[in-house]
Amino acid sequence: MAVVTPPVPAPARTTSPARRPRSLLPLNLVSVAAGVGLWWALAAAGLQFPTPAEVAVQAGRMAADGTLLDDAVASLLRVLTGFVLGSAAAIVVGFLMGWYAVARGLFEPWIQFFRTIPPLAMLPLVLVLLGIDETPKVFVIFLAAFLSCVISTYQGVVSVERTLINAARVLGAGDATVFARVVVPASTPFILVGMRVGLGAAWATLVAAELLAAQEGLGHRMQTAQLYYDLPTIFVGIVSIGVLGLLMDRALLLGGNRLTRWQETR
Amino acid sequence: MSTATTARIAVRDVSRHFTVGRERFTALDRVTLDIADNEFVTLVGPSGCGKTTLLNILAGLDHPTSGDALVGGEPVRGPGPGRGVIFQQYALFPWLTVRGNVEFGLRTAGVGRRERRERAEHFIRLVGLEQFADALPKTLSGGMKQRCAIARAYAVNPSILLMDEPFGALDALTRVRLQEQLLDTWNAERRTVVFVTHDVDEAVFLANRVIVMAARPGRVFATVDVDLPHPRTEQIRLSPEFAALRNRVWQAVHHQ
Ligand SMILES: Nc1ncnc2c1ncn2[C@@H]1O[C@H](COP(=O)(O)OP(=O)(O)OP(=O)(O)O)[C@@H](O)[C@H]1O
Ligand SMILES: [Mg+2]
């Protein structure tokens, strides 16, 4: 060992599962096609499902009269607002916790406590306190994104290798420089993992929140459709949520991979 | 030999105790040592004799429990760009390219962009990495990473270089090549070097003076002056004088 190191948790290998060999793509397509085929077959066999064609027609209708876009935009706005605010807060708080023991002592109990409560369980309280407009929904999404990301950011900060910090210090770096030019880049992979988890949590919370209390949005649309046994609309909702979630996840992953290209890949 | 007043590095009765649980462990026991300007000193000794601890104290990354570590007559209070450190694990910033790593210290020193470029370029060329200036560390071999770490330490122009088993992880061939390169650069741009190694051959080949340490407690056990001429060539490595010195150091390390 070149340096006296205090016990630091081994830098957890953050995975970047994006690097999928290209040769898997045909298989993915085959799998999707087979799934849709199976769905079609089941619908044709008399199950209560609408066929993919019926769903597509319904989607076309909803797209044409604008409801699909309105709903998607309403949902996306909520999720993005909550997610961006939640991640930003998580990064700030996570860095504070990792860098200052005082901040860790102050924040930790609250974070540990709220982590055990599904953000949705806060919705009744939040609805009473914040009213029934956008704020309560955005708030629970914020909470979901924040709680998913904050621990991961904190982990990233405390697992920065001591040697790298020492290397910076012997090159003349003061605390601020060590923070900005070592701690921040070294914890980026952890933050990105946290943000991906946070995005998933935000999206899940959004839909549930809309099911419970909203006047528009994909979740609300499905909730209304349920009253009329309108299965095609429900399917359109499910597929839209899945596709939007997937697209956002991929976008984050691609952006993240650009930032963490320096990482050794397995 | 250097005296206390001309010594670049003066270690005065330095002890370092570690307390682990209830145990008090003496890693360094009243070590006293003078290193002159532009001297190349190697430190050898069994594992755990406190070589790294001593180097860290000189670097300002650790502090003596008692005694004084003086550099240029001043007690060491913390790390500073006047003392370059080359870590055993390279410790390159993996998110920076070779150039970015080499420029790191220049940026913290506030060197302007143009000059930073030029100086980094100079040291990247010095270690023979000009083809890889824009490569990320993960794409470099162990020897190349090591050379990058050397260039990074050199770039801030430290008058003292502290190297902790820098070639420990390398194969024999690369190791010999880097030893020769290190001496070349030392001959070209003199610096005071403290070089830790496990390898007796390496210790003799590089040094003006070999300091042999002993463990439990960590202390200076013997000093062997190496009056072999420079440049150190393969002939020197194979000479009987070299063999004699190596034997002396070997005896000191292995029969303490
Ligand atoms: N932070 C620490 N806490 C407790 N003990 C320590 C600490 N750092 C070093 N030691 C102890 O001090 C002694 C000297 O350690 P040091 O790392 O300086 O040895 P070394 O000579 O560099 O050994 P090696 O050749 O194996 O690298 C060791 O016995 C080690 O256990
Ligand atoms: Mg050591």
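The values are calculated or read from the model by the stated rules, or taken from the named source; none is laboratory data. Just so it is clear, the model here is predicted, and its values are computed rather than measured. All Cβ positions, even for glycine, are placed from backbone atoms using ideal geometry, and neighbour counts span all protein chains on display. For the accessible areas, the whole protein counts, side chains as well, though only heavy atoms, and no ligand, DNA or RNA atoms are used. Shrake-Rupley method; radii C 1.70, N 1.55, O 1.52, S 1.80 Å.
A few comments on the model shown:
- Selection from the stretch A:114-167 of residues that are part of a helix (DSSP H, G or I), within 14 Å of chain B (Cβ to nearest Cβ) and either open to solvent by 40 Å² or more (accessible area, probe 1.4 Å) or among the basic types (K, R) (or both): A:R162
- Subset of the stretch B:13-46 (residues that are surrounded by 15 or more Cβ atoms within 10 Å (Cβ to Cβ), more than 12 Å from ligand 1 (Cβ to nearest atom) and assigned to a loop (DSSP other than H, G, I, E, B)): B:D37, B:E39
- Among the residues of the stretch A:180-232, those identified as within 14 Å of chain B (Cβ to nearest Cβ), buried (at least 18 other Cβ atoms within 10 Å of the Cβ) and more than 17 Å from the chain's Cα centre (by Cα) are A:R181, A:V182, A:V183, A:P185, A:A186, A:S187.
- Number of the condition not met by B:L173 [criteria: (1) within 16 Å of ligand 1 (Cβ to nearest atom); (2) open to solvent by 40 Å² or more (accessible area, probe 1.4 Å)]: (1)
- Residues located in the stretch B:47-65, provided they are over 18 Å from B:A215 (Cβ atoms) and either at the interface with chain A (Cβ under 9 Å from one of its Cβ atoms) or part of a strand (DSSP E or B) (or both): B:A59, B:G60, B:L61
- If the condition is being more than 16 Å from ligand 2 (Cβ to nearest atom) and open to solvent by 20 Å² or more (accessible area, probe 1.4 Å), then the stretch B:197-219 contributes B:D201, B:N208.
- Cross-chain or 6+ apart pairs with Cβ under 8 Å, the stretch B:45-67 first and under 12 Å from B:S15 (Cβ atoms), then within 13 Å of ligand 2 (Cβ to nearest atom) and of a type in the set (D, E): B:T53/B:D62
- A Cβ distance below 8 Å, combined with a sequence gap of six or more or placement on separate chains, defines the contacts here; from the stretch A:192-212, residues that are aromatic (F, W, Y) reach residues that are open to solvent by less than 20 Å² (accessible area, probe 1.4 Å) in the pairs A:W203/A:V79; A:W203/A:G245.
- Residue match in the stretch B:66-88 (condition: within 16 Å of ligand 2 (Cβ to nearest atom), open to solvent by 30 Å² or more (accessible area, probe 1.4 Å) and within 11 Å of chain A (Cβ to nearest Cβ)): yes
- Scanning the stretch A:40-58 for residues that are open to solvent by less than 60 Å² (accessible area, probe 1.4 Å) and in contact with a Ser or Thr (Cβ under 8 Å, 6 or more places away or on another chain), we see that the one that is farthest from A:G242 (Cα to Cα) is A:A43.
- Pairs with Cβ under 9 Å, 6+ apart, first in the stretch B:148-169 and part of a strand (DSSP E or B), second hydrophobic (A, V, I, L, M, F, W, C) and surrounded by fewer than 22 Cβ atoms within 10 Å (Cβ to Cβ): B:L161/B:W186; B:D164/A:M1
- Yes/no for B:G100 being open to solvent by less than 40 Å² (accessible area, probe 1.4 Å) and either out of contact with any Lys or Arg (no Cβ under 8 Å at 6 or more places or on another chain) or assigned to a helix (DSSP H, G or I) (or both): yes
- Selection over the stretch A:112-134 of residues that are under 20 Å from A:V158 (Cα atoms) and either within 18 Å of the chain's Cα centre (by Cα) or among the charged types (D, E, K, R) (or both) gives a count of 1.
- For the residues B:A91, B:A10, the requirement of being surrounded by 21 or more Cβ atoms within 10 Å (Cβ to Cβ), more than 12 Å from ligand 1 (Cβ to nearest atom) and outside any strand (DSSP E or B) singles out B:A91.
- Residues of the stretch B:128-170 that turn out to be within 24 Å of A:G172 (Cα to Cα), open to solvent by 20 Å² or more (accessible area, probe 1.4 Å) and within 16 Å of ligand 1 (Cβ to nearest atom), as a count: 1
- Here B:R125 fulfils each of the conditions (1) surrounded by fewer than 23 Cβ atoms within 10 Å (Cβ to Cβ); (2) within 16 Å of ligand 1 (Cβ to nearest atom) apart from (2).
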